[in-house]
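A.B. asks: Take this structure first; my questions come after.
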Amino acid sequence: MPGMHNGMLIGVRAPRLDVRLDTSLEMLLERAPAAQISRVLATVVATAGSTYRKPGARMLIMADGGYLGLLSGGCLEADLKLHAQEVLSTGVPRAIEYDMRGPDDILFGIGAGCEGAMRVLLEPAGPGSRAAAALATAGRATQAGQPASLVAVHESADMPLGTYDAAQPLPSVLTHAAAQSLGEAASRDMDWKEGGRRTRAFVQFLAPPPHVLICGAGPDAQPVVSAARALGWRVSVVDHRPAYAVAANFPGAEVKHSAPHLLREAIAVERCHAAVVMSHHLPSDASYLRELARAGVPAYVGLLGPEARRNRLAQELGPVAQELGFRVRGPVGIDIGAVTPEGIALAIVSQIHAWLAGRSGEP
């Protein structure tokens, strides 16, 4: 006998897709100036202890001192900018280390007290650079919902330090490691000696960023899309009403005008990590849920509305509700006492984030 989950019948669990919540790659590609401005890419390549960001996190430091992204809570950025200026003036990449694990940690007068160590690779990343090309190649793959790998060489006497994609000239040990990274869906540290010379590299597996499907393009969907886009997530919005399915209302999102029963033809549902059904039109919501049930994915389906409406939809769906399995969360969102559309959007996106991270959303 199937059980109940938030008022919906439950059955078989849906598969979960690989996902990457660190979207610094996509955010840098999206927000970097298009002009020919000199810039330095800073990449965390190794950490120990407690650090604000983990290996693979990135930021861009501009020639004028501005920057995109953060590698610390603001503790290291001023010093990183000084090193970045040296990289810009010499054109030579370098790796620097910060160790804040001691009780007497006083780093440039700020006393960060983070109890962690971090190694950061700095390299020129202006238009036409190897780093810019590698990031763009990886970004095209992940934005298409495909995994990618990047190789950050941060110590070597035999090859230039910097970020490479797997198609660029690399020693066989690194091309093999990049292939393994993709095959095993895992990043790895490489450290070996050849002829007495040491080489260290961070081989990063890049799963696609979260891709969220919003079924319903009413006014209250706009803050949900904005919150998701602010995190660097991909968002697809679909609605059967031409007056609502307007791309200008959802900057950065894919917007489709389609009948609910044609959802799987309009959107590549199998590449979405989560869906939220919020059209405020009962027959349409039932149709969206029916299509998501038949698709078998995504593994998270949020349903907007009170318990009474959720139960009515469950009755409307009948046996199809069992096919939705454990996937439905309704009413969608973490209970933060939200009363405005923006607050509700925060509750919804927070719950999706917690679920993607494998967390309960509890304190």
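The values are calculated or read from the model by the stated rules, or taken from the named source; none is laboratory data. Given the structure is predicted, the values throughout are model-derived calculations rather than measurements. Note that each Cβ is placed from the backbone with ideal geometry, even for glycine, and that neighbours are counted across all protein chains shown. These area figures cover heavy atoms from the full protein model, side chains too; ligands, DNA and RNA do not enter into them. Shrake-Rupley method; radii C 1.70, N 1.55, O 1.52, S 1.80 Å.
A.B. asks: Of all the residues that make up segment 134-181, how many are among the aliphatic types (A, V, I, L, M), surrounded by fewer than 18 Cβ atoms within 10 Å (Cβ to Cβ) and within 25 Å of P209 (Cβ to Cβ)?
C.D. replies: From segment 134-181, those among the aliphatic types (A, V, I, L, M) are 134-136, 138, 141, 144, 148, 150-153, 157, 159, 161, 166-167, 170, 173-174, 177-179; that's our starting set.
Applying the additional criterion that residues be surrounded by fewer than 18 Cβ atoms within 10 Å (Cβ to Cβ) yields 136, 141, 144, 157, 159, 167, 173, 179.
Filter once more, so that each one left must be within 25 Å of P209 (Cβ to Cβ): 136, 141, 144, 167, 179.
Residues that pass the stated criteria total 5.
A.B. asks: Continuing with this model, one more query. Contact list please: Cβ distance under 8 Å, first residue in segment 159-178 and without any contact (Cβ under 8 Å) to a residue 60 or more places away in the chain, second residue surrounded by fewer than 14 Cβ atoms within 10 Å (Cβ to Cβ), pairs at least six apart or on different chains.
C.D. replies: Qualifying pairs under 8 Å: A166/A179; P171/D158; V173/W192.
A.B. asks: At least 3 residues that are under 30 Å from G139 (Cβ atoms) in each: list the strands (runs of 3 or more DSSP E) lying fully within segment 214-304 that qualify. Full working, then the answer.
C.D. replies: Values: elements: 234-239, 254-257, 274-277, 301-303.
Result: 234-239, 254-257, 274-277.
A.B. asks: Output yes when any residue across segment 193-206 is in contact (Cβ under 8 Å) with a residue 40 or more places away in the chain, surrounded by fewer than 24 Cβ atoms within 10 Å (Cβ to Cβ) and part of a loop (DSSP other than H, G, I, E, B), and no when none is.
C.D. replies: No: zero hits.
A.B. asks: Restricting to segment 182-191, and then to whatever is in contact with a strand residue (DSSP E or B) (Cβ under 6 Å, 6 or more places away or on another chain) and without any contact (Cβ under 8 Å) to a residue 24 or more places away in the chain, can you tell me which residue is most open to solvent (accessible area, probe 1.4 Å)?
C.D. replies: D191
A.B. asks: Across segment 32-56, which residue is farthest from M100 (Cα to Cα) among those that are modelled with pLDDT of 90 or more and open to solvent by 60 Å² or more (accessible area, probe 1.4 Å)?
C.D. replies: Per the stated criteria, the residue is S38.
A.B. asks: Further question: Exactly one of these conditions fails for E97: (1) more than 22 Å from the chain's Cα centre (by Cα); (2) surrounded by 15 or more Cβ atoms within 10 Å (Cβ to Cβ); (3) modelled with pLDDT under 95. Give me its number.
C.D. replies: For E97, the failing item is (2).
A.B. asks: Take the residues of segment 219-267 that are of a type in the set (F, W, Y) and closer than 15 Å to M278 by Cβ: which is least open to solvent (accessible area, probe 1.4 Å)?
C.D. replies: Start the filter on segment 219-267 by keeping residues that are of a type in the set (F, W, Y), which leaves 233, 244, 250.
Restricting the remaining residues to those that are closer than 15 Å to M278 by Cβ gives 244, 250.
On the way: Y244: 83, F250: 2 Å².
The qualifying residue least open to solvent (accessible area, probe 1.4 Å) is F250.
A.B. asks: Follow-up question, since we're still on this one. Applying the selection to segment 246-271, what residues are closer than 21 Å to V332 by Cβ and small (G, A, S)?
C.D. replies: Matches in segment 246-271: A253 only.
A.B. asks: Note down all Cβ pairs under 9 Å where the first residue falls in segment 342-363 and is at positive phi, the second is surrounded by 14 or more Cβ atoms within 10 Å (Cβ to Cβ) and not in a loop (DSSP other than H, G, I, E, B), and they're at least six residues apart or on different chains.
C.D. replies: Pairs found: G361/S350; G361/Q351; G361/H353; G361/A354; G361/W355.
A.B. asks: When you go through Y288, Y300 one by one, which is the residue that is among the aromatic types (F, W, Y), open to solvent by less than 10 Å² (accessible area, probe 1.4 Å) and touching a residue at least 60 places away in the same chain (Cβ under 8 Å)?
C.D. replies: Numbers: Y300 fails: touching a residue at least 60 places away in the same chain (Cβ under 8 Å).
Of the residues listed, the single one that is among the aromatic types (F, W, Y), open to solvent by less than 10 Å² (accessible area, probe 1.4 Å) and touching a residue at least 60 places away in the same chain (Cβ under 8 Å) is Y288.
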